[in-house]
């Protein structure tokens with residue numbers, strides 16, 4: 001496994017007309033996992049357009065403190081939950097992959113033959 005390019009796992013998002021970057025961190029992974037009962041559950045909730053989950057993912061990705069996060073529901077409503085759902089799901093997938101973007105093959109699928117316990121885990 002190669003070292004990731006700095007910022008390669010960042011996911012862009014636009015709120016209130018500002019381009020922001022959600023940054024995958026261990027803290028973001030833990031926060032998302034805890035609010036939804038696991039990363040898979042968070043993906044499902046984002047796909048279901050659950051506003052609380054989408055806001056929580058954005059809060060974790062932008063590393064906002066609770067006071068800063070007070071603006072999120074209004075900003076999410078204005079941006080549109082349908083618009084925010086996909087980048088939130090992408091972000092959850094990146095944090096689930098250790099902060100690295102998912103590398104897809106030419107057909108747009110991950111490497112199904114990759115050994116999950118290959119040299120990087122030894």
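Bear in mind that the values in this text are calculations on the coordinates, not laboratory data. Small disclaimer: the values here were computed from a predicted structure and weren't measured. Cβ sites come from the backbone with ideal geometry, for glycine too, and all protein chains shown count toward neighbours.
Could you please let me know if residue 62 is free of Cβ contacts under 8 Å to residues at least 12 places away in the same chain and surrounded by fewer than 21 Cβ atoms within 10 Å (Cβ to Cβ)?
no
Go through the residues of the range 49-59 one by one and say whether even a single one is out of contact with any strand residue (DSSP E or B) (no Cβ under 7 Å at 6 or more places or on another chain), surrounded by 15 or more Cβ atoms within 10 Å (Cβ to Cβ) and free of Cβ contacts under 8 Å to residues at least 12 places away in the same chain.
So far as the range 49-59 goes, yes, one or more of its residues are out of contact with any strand residue (DSSP E or B) (no Cβ under 7 Å at 6 or more places or on another chain), surrounded by 15 or more Cβ atoms within 10 Å (Cβ to Cβ) and free of Cβ contacts under 8 Å to residues at least 12 places away in the same chain.
Among the numbered criteria (1) in contact (Cβ under 8 Å) with a residue 24 or more places away in the chain; (2) closer than 17 Å to residue 101 by Cα; (3) surrounded by 12 or more Cβ atoms within 10 Å (Cβ to Cβ), which single criterion is violated by residue 31?
(2)
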